[in-house]
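Novice: I'd like to ask you about the structure that follows.
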Ligand code: HEC
């Protein structure tokens, strides 16, 4: 188990480090607080809203922009995604005394952003048949968050989750919300709130699946005629075992 976790951690580290947007690089052209016209031609990013920043970054991602777009296309392609990047830039400009969070925090944040971004994209084109795959992606992402985040482990109580009807749209709305929350988090205290919401989702999905399995077990035809062995006590015993394990 520990080995598996180690493998996951190493795998994810390799993917994510190459996707860190390094804000230190922007300073040389845009100024410390994005207060300059980069190379004398860009807009002053400090005067732009978060929406406008995101729109400009999305443009570069699609290959569109002004005469010097080539420079920024390169920058944007190094970044994880434009939602998170725009939130980072806007926050850095508008929070007095903003300190870049430590590398470990940025790494964990990027990891969450990237995972949520992927799940969101899958959900947008999903049909009911994809539910199983999406559920398992959500559960494994929740597990990764849970393993990493000490604060989160203190805040989540698995026994408190209850089954609840969820449509694909409900799930997309929750994931979109959680991702937005992560994009705008710049400290452990902020980000843990988003993760609690995500764990809630994963917990509800798990409980829904459990409920389905249980109702199937009840419906399963069990032979009760002459010579039948009473297996009810085994079914109950395995239930209890499962519950104590959680
Ligand atoms: C080598 C100089 C250079 C570096 C480094 C650089 N930029 Fe730029 N940036 C520019 C130029 C030039 C433009 C205008 C490009 C165009 O013609 O569309 C621009 C445009 C932008 C815009 C849109 C503003 C507008 O004019 O619409 C944003 C937002 C931005 N940069 C953010 C960043 C961030 C964040 C980084 C660091 C990750 C960064 N830039 C690094 C030169 C640079």
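Novice: If r is the Cβ-Cβ distance from residue 187 to residue 32 and R0 is 25 Å, what FRET efficiency results, to the nearest 0.05?
Specialist: The calculated FRET efficiency here is 0.75.
Novice: Taking the Cα-to-Cβ direction at residue 39 and at residue 176 and moving 7 Å from each Cα, how far apart do the two end points lie in nm?
Specialist: 3.6 nm
Novice: Quick check: residue separation of residue 118 and residue 95 times 0.36 nm, minus the Cα distance between them. What number comes out in nm?
Specialist: Full-extension gain reported as 5.4 nm.
Novice: Apply 1/(1 + (r/R0)^6) to the Cβ-Cβ distance of residue 154 and residue 226, taking R0 = 35 Å, and write down the FRET efficiency to the nearest 0.05.
Specialist: FRET efficiency, residue 154 to residue 226: 0.05.
Novice: For the pair residue 105 and residue 213, what calculated FRET efficiency results from E = 1/(1 + (r/R0)^6), where r is the Cβ-Cβ distance and R0 = 45 Å, to the nearest 0.05? Walk me through the intermediate numbers first.
Specialist: Numbers: r = 38 Å, r/R0 = 0.85.
For R0 = 45 Å, the calculated efficiency reads 0.75.
Novice: Among 89, 213, which comes first, second and so on when ranked by fewest other beta-carbon atoms within 10 Å?
Specialist: 213, 89
Read-outs throughout are calculated quantities, based only on the coordinates presented, and are distinct from any laboratory measurement. This structure is a prediction, so every number in the text was calculated from the model and none was measured. Cβ atoms come from the backbone with ideal geometry, glycine included; neighbour counts cover every protein chain shown.
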